[in-house]
Each structure stands twice: as C-alpha cells, then as structure tokens.
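One structure is given below, encoded as structure tokens.
What follows draws every value from the coordinates through simple rules; no lab data is involved. This structure is a prediction, so every number in the text was calculated from the model and none was measured. Here Cβ is always computed from backbone atoms with ideal geometry, including for glycine, and neighbour counts include all displayed protein chains.
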Amino acid sequence: MRVALGVSYQGQAYRGWQSQPNVPTVQDALEKALGRFTSTKIGTLCAGRTDAGVHALMQVVHFDTDCERTPYSWIRGTNANLPRDIAVQWAVITNEGFHCRASALSRRYAYVLLDSPIRPSMEQGRVGWTFNPLDAEAMRQAAQHLLGEHDFSSFRAAECQAISPIKTMLEISIDKRGAYWRFEFEANAFLHHMIRNIMGCLVMIGQGKRPPSWMLEVLQARDRKVAAPTFSPDGLYFLGPRYAPEWDMPERTPAFDYLP
C-alpha cells in the first residue's frame, strides 16, 4: 500500500529535509523512526525539500510498504520513535496514483518576522528579525509585481536544481499582529531560496531603502546579483501543498494556529 503522512518539525537542529551523510536531517530521522516501527527499511519522498533551519507545519511525504497498519497506528507508532521536534500529524492510506510531489497543485510558505529594536530570545530560531519599522503598504505594492507567471531567476539560488525558473505565484498576503509580521506565499512551485530572496527585497522596500517599483526591476533583470541578500531561514515555515479533493488529504494541522 501507499501511505501519505503529514509531518511537522522545527528546523533548527537539522541540515534541512534531504538525507545527507554525517549530518542530521529530517528525512533520516523520519525513516529511522519508520524502520523501528515496522522493522523494515522504508524510503520516503517529500512534497518540498526544506533547507537547514527551515521549519514545516505540514510537510507531506509518501512511501510504499507491505506493512498493514491503520492510520492511527502509523501516527502513534512513528511518533513514538521520533525526536520531540518532529511529529507526524496525520496519516492517509492511499494508492499508487498519488504522489506527494507530482500530485500537488500548489505549495504554501509563511515567513514570520519580528519587528522590534530588541533581538528575539524566546522565539530565537523561529522568527526572522528586523529592528527598523516596516511600511505595510509599500511591501504590498511591491508584492503585486510578483503575482502571475514569471521568470524568477533573480530570486534563484546558484545551486538550484529546478529545470525551469518560470513559476506561477498565486497569492501573497502580508499582515501584522502585534510585533509580528506574517508573510504568506502560494505558488505552483518554488525555486531554491526563492522565498528568502523575495523576503530580502520586501524588507528593504518596507524599510524605505528601495521604492515598491524596485521589485519589478529586480524581477525583470533575471539576475540574482541585482536582488537583496538572502534573508534568514529562521522565520520560514513550509505550510505544505494543496491537492485535488479526490485525494482526501488534509490542508492544515493544529500547528497552523500557532503562528501569529
């Protein structure tokens, strides 16, 4: 059978999602837990790889197995063998027609940013930080230039392995609650470091260092060198993919209510 899992994790202790030799990764921790629970070797695929320090509220993975368990058993049995900063939130028994990556209609990210003259302490590693006040309207105007289908080469990391830099940005929202900004992005797919590079530009515009029209100039340049430096991974959260209703996959977990 094919099993899909929704997994949440804090990214501080890991070198990202993807398995790598001699460093801790989320994939290695999950597959080790699945192996202990089933006494078999299980390999997983994920909906979207996250970088070192990046968090996930609903990473979706799938794997094929001969082990028959109920969804509740997959959740409890796997979590019993996971470290405390990783937890399976839900499990769905599906079929080989479902693919966590290829079946995704879109993917969603949130970036949480502390706006304060004092650096974070309690939320260290879980929020980005700016000590200069930001202009919400300027950032929202700038974000409008990114909506639709574009070549996002200016926001692409040099090591990005995507076949094409052309992606479709479906929605960007920017809101503030107390001292915390929440930026949400939804697109059909994202390039490596794309959100963090966009965030660098939005923060510069919000601080008044560039006008909102600068975002269009950066986009049209198709050159990473003209954009702002890559922003911190600390406040970046993978919210997970969206799927067609036929797959009956959850769209959120309780952790969504944790973010401002």
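Using θ = phi - 60° in the Karplus curve 6.51 cos²θ - 1.76 cosθ + 1.60, the 3J(HN,Hα) couplings for segment 58-70 round to 7, 5, 10, 10, 9, 7, 9, 7, 8, 6, 9, 9, 6 Hz; x is entered for Gly and Pro.
Taking the Cα centre of the chain as the origin and placing charges on Cβ (Lys, Arg +1; Asp, Glu -1), which of Trp129, Ala143, Leu239 is farthest toward the positive end of the dipole? My answer, from the dipole projection, is Trp129. Going through (i) 28, 21, 18; (ii) 33, 20, 16; (iii) 47, 25, 21, the figure that equals semi-axes √(5λ) of the Cα gyration tensor in Å as computed for the structure here is (ii).
Using packing as a proxy for protection, rank 158-166, 63-71, 48-56, 98-106 so that the peptide with the highest average count of other Cβ atoms within 10 Å comes first. Walk me through the intermediate numbers first.
Numbers: 158-166: 11.1, 63-71: 13.2, 48-56: 21.4, 98-106: 17.0.
Highest to lowest by the protection proxy: 48-56, 98-106, 63-71, 158-166.
State, as an integer percentage, the relative contact order of segment 2-103 based on alpha-carbon contacts under 8 Å between residues 6 or more apart. Relative contact order for segment 2-103 comes out at 41 percent.
Helical runs assigned H by DSSP (4 residues or longer) give the chain a calculated mean residue ellipticity at 222 nm of -6000 deg cm²/dmol, each run adding -39500 (n - 2.57) before division by the residue total. Taking θ as phi - 60° and the Karplus parameters 6.51, -1.76 and 1.60, the scalar couplings of segment 71-85 work out to x, 4, 5, 4, 5, 5, x, 6, 4, 5, 10, 9, x, 5, 8 Hz in sequence order, x denoting glycine and proline.
For the chain, the longest principal axis of the C-alpha atoms and the axis of helix 194-206 are separated by about 30°.
Below 8 Å, C-alpha to C-alpha, sequence gap of six or more: please give me the relative contact order for the chain in percent.
Here the relative contact order equals 24 percent.
By how many degrees, 0 to 90 and rounded to 10, does the Cα axis of helix 26-38 deviate from the longest principal axis of the chain? So the helix axis and the longest Cα principal axis differ by about 20 degrees. Distant-in-sequence amide contacts of Ile166, defined by a placed amide H-H separation under 5 Å and a gap of 5 or more residues or a different chain, comprise Phe152.
Give, rounded to the nearest 20 debye, the magnitude of the charge dipole that segment 1-141 has about its Cα centre when Lys and Arg contribute +1 at Cβ and Asp and Glu contribute -1 at Cβ. Kindly include the intermediate steps, with their values, before the conclusion.
Values: 15 positive and 12 negative charges, 41 e Å.
Approximately 200 debye in magnitude.
In a reduced charge model with +1 at each Lys and Arg Cβ and -1 at each Asp and Glu Cβ, the chain shows a dipole moment near 500 debye about its Cα centre.
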